[in-house]
C-alpha cells in the first residue's frame, strides 16, 4: 500500500541539526505498516501453515495489521487493553476485523494472543521480537531511508520504545550500512520510555538485565509503557542495541510528553501522537546530545490517533478588522 519512503523533515525549532522521520505518514499513519506488510505477505504465501492472524496491541499495530489483513483478505482478530483510545479503535473496526478488549495490560493481551496462535494455527503478529521476527527485520529500512535522505548517518537517533523492535531493527539497518562501507558511523540510539513504566530504562540505569515492570503503571502514554511481562528478553535485545551503539535510555513524564506534542504541532507543523512526540522531547532532555550533533527523531504515529487536549472553541469574531488585527498584530 505504499509503506515506507516517509519524509525526513527538518525540526528547526528543536535544533538546527534536528530532523523528524515522519513515520506518521505511512498508509495507516504509523511505522507499524512496515512490519504489517511483511507479515501479511508471509501469511498469504502458500508455503506457510497459517490460516489467519491474531495480534495484541495498544492501538497502532492493531490498526496496521487490520488494514493489511483486510487488503490480503486474511481473517484477523485484535486484542487490545481495556481503555484503548476510541480514535484508534474506530480505525481498527473500520477494517472489519474482530476486536476484543482484555482486562489487563499489553502483556496480558500478548499472552492471550500467543495462546490462541499456538492452539489454533494462527500467526501471532504482535510487534515484539519473540513473537514476530518480521518486524525488526522490516524496520531496518528506516535506517536505509534516513541515510538516503541525509547522505550520511546522523550522530543520534531517538526512538519511542515499548518492547523496542523499531529501535533494534533501525540499529541493525545502520550496522549493515556500516558493514557495507556506505556510512562512516553507526548512530547512538536513544531509547525513550514513559516514566510511569520504564523497564528498559531502569535496566540501563542500573547496569542490569531487563526485569518485568511489576509496579503500578502510572502513565497515559501507553505505547511507550510496556511492562514486558513474559518477554523481558525483548527488552534485553533493545538494551543491547542501545549499549552497543554508545547510546542512552531515558524516561519522560507525561507532562513533558504532552507539552512537546503541542509544541511540535504549533511550531513545526508536525502533529504527532504522544509517544511520537516523546522522541522529539528526548532531544531536549538528553544531556549527552550536543547542540552541534545531528539527530533524527522517529515520529512513529500521527496525532489524529491520540489528539492533543487543546481548546478548540473558535474565537467569536465581529468582522474583518478583528481577524486582520489578530494576524498582523495591529
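The values are calculated or read from the model by the stated rules, or taken from the named source; none is laboratory data. Predicted, not measured: the structure shown is a model, and the values here were computed from it. All Cβ positions, glycine included, derive from the backbone under ideal geometry; neighbour counts span all protein chains shown.
Structural remarks
- Filtered by the rule that a residue be surrounded by fewer than 22 Cβ atoms within 10 Å (Cβ to Cβ), in a helix (DSSP H, G or I) and modelled with pLDDT of 90 or more, region 61-92 gives 70, 71, 72.
- Flag if residue 142 is buried (at least 20 other Cβ atoms within 10 Å of the Cβ), touching a helix residue (DSSP H, G or I) at 6+ places or on another chain (Cβ under 7 Å), outside any strand (DSSP E or B) and modelled with pLDDT under 95: no
- For region 45-60, a residue qualifies if it is in contact with a helix residue (DSSP H, G or I) (Cβ under 7 Å, 6 or more places away or on another chain), at pLDDT below 90 and over 24 Å from residue 272 (Cβ atoms), and the qualifying residues are 48, 50.
- Residue check, residue 121 over 22 Å from residue 278 (Cα atoms) and in contact (Cβ under 8 Å) with a residue 60 or more places away in the chain: yes
- Annotation: residue 304 fulfils all but one of (1) modelled with pLDDT under 95; (2) buried (at least 22 other Cβ atoms within 10 Å of the Cβ); the unmet one is (2).
- One residue alone among 64, 57 is touching a residue at least 60 places away in the same chain (Cβ under 8 Å) and touching a strand residue (DSSP E or B) at 6+ places or on another chain (Cβ under 7 Å), and that residue is 57.
- Residue check, residue 130 more than 25 Å from residue 277 (Cβ to Cβ), surrounded by fewer than 24 Cβ atoms within 10 Å (Cβ to Cβ), touching a helix residue (DSSP H, G or I) at 6+ places or on another chain (Cβ under 8 Å) and without any contact (Cβ under 8 Å) to a residue 40 or more places away in the chain: no
Conditions tested, residue by residue: (1) buried (at least 24 other Cβ atoms within 10 Å of the Cβ); (2) touching a strand residue (DSSP E or B) at 6+ places or on another chain (Cβ under 9 Å).
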position: 259; (1), (2): no, no
position: 262; (1), (2): no, no
position: 267; (1), (2): no, no
position: 271; (1), (2): no, yes
position: 279; (1), (2): yes, yes
position: 287; (1), (2): no, yes
position: 293; (1), (2): no, yes
position: 296; (1), (2): yes, yes
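- Number of positions in region 256-297 that are part of a helix (DSSP H, G or I) and either within 19 Å of residue 194 (Cα to Cα) or in contact with a helix residue (DSSP H, G or I) (Cβ under 7 Å, 6 or more places away or on another chain) (or both): 22
The rows are residues; the columns are (1) within 23 Å of residue 112 (Cα to Cα); (2) out of contact with any strand residue (DSSP E or B) (no Cβ under 7 Å at 6 or more places or on another chain); (3) surrounded by fewer than 23 Cβ atoms within 10 Å (Cβ to Cβ).
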{"residue": "202", "(1), (2), (3)": "no, yes, yes"}
{"residue": "207", "(1), (2), (3)": "no, yes, yes"}
{"residue": "211", "(1), (2), (3)": "yes, yes, yes"}
{"residue": "215", "(1), (2), (3)": "yes, yes, yes"}
{"residue": "224", "(1), (2), (3)": "yes, no, no"}
{"residue": "228", "(1), (2), (3)": "yes, yes, no"}
{"residue": "232", "(1), (2), (3)": "yes, yes, yes"}
{"residue": "236", "(1), (2), (3)": "yes, yes, yes"}
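- Residue ID - farthest from the chain's Cα centre (by Cα), chosen from residues in region 179-200 that are surrounded by 15 or more Cβ atoms within 10 Å (Cβ to Cβ) and over 24 Å from residue 111 (Cβ atoms): 183
- Exclusive hit being within 16 Å of the chain's Cα centre (by Cα), assigned to a loop (DSSP other than H, G, I, E, B) and within 21 Å of residue 32 (Cα to Cα), set 137, 127, 131: 127
- Hits in region 191-230 (condition: at pLDDT below 95, touching a helix residue (DSSP H, G or I) at 6+ places or on another chain (Cβ under 6 Å) and assigned to a helix (DSSP H, G or I)): 223
- Filtered residues of region 16-39 (kept if surrounded by fewer than 24 Cβ atoms within 10 Å (Cβ to Cβ) and in a loop (DSSP other than H, G, I, E, B)): 16, 17, 27, 29
- Scanning region 40-60 for residues that are assigned to a loop (DSSP other than H, G, I, E, B) and closer than 11 Å to residue 117 by Cβ yields 50, 51.
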